[in-house]
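Bear in mind that the values in this text are calculations on the coordinates, not laboratory data. Because the structure is predicted, anything quoted here is derived from the model rather than measured. Using ideal geometry, Cβ is built from the backbone for each residue, glycine included, and neighbour counts are taken over all protein chains shown.
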Amino acid sequence: MLPFVDLRQQYADVREEILPAVQAVFEQAAFILGPDVAAFEREFAAFIGISECVGVESGTAALKLGLEALGIGAGDEVIIPANTYIACAFAVSQVGATPVMVDMDDDYLIDPSLIEEAITPRTKALMPVHLYGQAADMHRILEIARRNNLKVIEDASQAHGALYRGRRCGTFGDVGCFSFYPGKNLGAYGDAGAIVTNDPAIADHLRLLRDFGQRKKYEHLLIGDNCRLDTVQAAILRVKLRHLEQWNVQRLQAAKMYDARLTDIGVTAPARHTAEGHVYHLYVVQIPERERAIERFTAAGIQTGIHYPVPIHRQPAYRGLNIPEGSYPRTGAAAGKILSLPMFPEISKAQIDRVVRTLQEHFTETHAHLAH
Ligand SMILES: *Cc1c(COP(=O)(O)O)cnc(C)c1O
């Protein structure tokens, strides 16, 4: 079996570091906002190159609290990419605002040339997403935000350590949000997330929001939530953060191997803008007769993924938005063709060869099939 992401292999590599870290939390019994939470926040902020980090329970909570801390709520609109994970839209909806989608560009990222026509008097913020590990066009996005007096909330949940013009993703907006879902480039052993910012007032507000609105026990300054980063997860993340850069290098090496091998068999490799640091959370290609390709991969014991098979505007949950048929045509068309190939730092050359060989068989067969 070739898994889509091999978390067991990774655990085998870091086990000797993880177990004592977790054991120390158990022995201290400092389960809620224990010292590892503050230590991880410091270390992650230093890694990202930003002054403040607030750990929370998930990436979705990071987005939700980030929006709340920026004052976004009922009656407001937030612009999000049409091609992204559903959590972006849900976070907007859950603070009472409305997600407004914008179609993708050639890189599967929000197309900056379509943002301004989506802005209305109610628009309060832009939520660019650094999807698949590649930075969105922050230069143009920040310029649009400035011109229209909008906040920027970056979703860097797929871009831990990714660079845009030499700076880490997550540091460009008013806040940057991260998920540490297990399969992410930096993944916990359960749910976890964080928000980063250079604004100490926003960070202070976020710390209140995540912990019942309290600075002191039983003194509730505002209506807060319970969505703290778990101490056990923080201890695990501290260990894994030390490996993140190396893991991202390995992902890039794997991507380069895929690029070369796929070009040989006539598949277009995903674009990589060399000036920027793509961290290949996902390796996404477009495949004709995708469903047959997936069957072949499954038969060969290879797991693949689709990110994402049904766009947000086609989800039953958002029927109420009444989005006309044919909206976001590029996102709609891509959803029927994209396939995410196995991608994780430990993937071997032999495993990549196996994926490419299976794809080649698919092409040989589909060409024959199409010819008949
Ligand atoms: C994973 C992910 C999220 C949600 O993170 P959770 O930790 O699962 O809540 C949000 N946005 C994007 C782009 C993601 O990939």
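Give me, ordered by chain and number, the residues 5 or more places off SER58 or on other chains with an amide H under 5 Å from its own placed amide H.
Close amide H contacts, sequence-distant or interchain: GLY193.
Sequence neighbours fewer than 8 away in the same chain don't count; with that in mind, list the aspartates and glutamates whose C-alpha is under 20 Å from LYS256.
Cα-Cα hits under 20 Å: ASP6, ASP106, ASP107, GLU245, ASP264, GLU276, GLU346, ASP353.
State, as an integer percentage, the relative contact order of the stretch 7-241 based on alpha-carbon contacts under 8 Å between residues 6 or more apart.
26 percent.
Taking the Cα-to-Cβ direction at HIS243 and at LEU321 and moving 7 Å from each Cα, how far apart do the two end points lie in nm?
Inter-label distance under the simple model: 3.7 nm.
What is the calculated FRET efficiency for ARG292 to ARG330, with r their C-beta to C-beta distance and R₀ = 30 Å, to the nearest 0.05?
The calculated FRET efficiency here is 0.80.
Out of GLU52, GLU276, GLU289, any idea which swings most in a Gaussian network model of the chain, alpha carbons joined below 10 Å?
Judging by the Gaussian network model, the answer is GLU289.
Below 16 Å, Cα to Cα, which lysines can LYS240 reach? Residues fewer than 8 away in the same chain don't count.
Cross-link targets: LYS184.
Can you tell me the length gained on complete extension of the stretch ARG357 to GLN28, counting 0.36 nm per residue apart and subtracting the Cα distance? Write out the running numbers ahead of the final one.
On the way: separation 329, 0.36 × 329 = 118.44 nm, distance 5.09 nm.
Gain on stretching ARG357 to GLN28: 113.4 nm.
Using θ = phi - 60° and the Karplus form 6.51 cos²θ - 1.76 cosθ + 1.60, what ³J(HN,Hα) does each residue of the stretch 218-232 get, whole Hz, x for Gly and Pro?
So the J values, rounded to whole Hz, are 6, 10, 9, 7, 8, 6, x, 10, 10, 9, 7, 6, 5, 5, 4.
Could you work out the relative contact order of the stretch 226-321? I mean the mean sequence separation of Cα pairs under 8 Å and 6+ apart, divided by the number of residues, in percent.
Reported as a whole number, the value is 17 percent.
Collect residues whose amide H, placed 1.01 Å from N in the peptide plane, falls under 5 Å from the amide H of GLY277; neighbours closer than 5 in sequence don't count.
LEU163, TYR164, ARG165, GLY166
What residue among GLY133, GLY73, GLY266 has the largest mean-square fluctuation in a Gaussian network model of the chain, using Cα springs under 10 Å?
Per the Cα network of the chain with a 10 Å cutoff, GLY266 tops the list.
With springs connecting C-alpha atoms under 10 Å apart, model the chain as a Gaussian network and identify which of ARG228, ARG238, ARG330 has the largest mean-square fluctuation.
Its mean-square fluctuation being the largest, the pick is ARG330.
Among THR358, LEU252, PRO270, whose Cα projects farthest towards the positive end of the dipole of the chain, with charges put on the beta-carbon of Lys, Arg (+1) and Asp, Glu (-1)?
LEU252
Roughly speaking, what is the stretch gain from SER348 to TYR218, that is 0.36 nm per residue apart minus the C-alpha to C-alpha distance, in nm to one decimal? Please list the in-between numbers first.
On the way: separation 130, 0.36 × 130 = 46.80 nm, distance 5.27 nm.
Going from the current span to full extension adds 41.5 nm.
To the nearest 0.05, what FRET efficiency results for HIS367 and LEU19 with a Förster distance of 51 Å applied to their C-beta separation?
Numbers: r = 51 Å, r/R0 = 1.00.
E between HIS367 and LEU19, to the nearest 0.05, is 0.50.
What is the list of residues in the stretch 251-275 whose amide nitrogen lies under 11 Å from a point 7 angstrom out from the Cα of LYS337, following Cα to Cβ?
268
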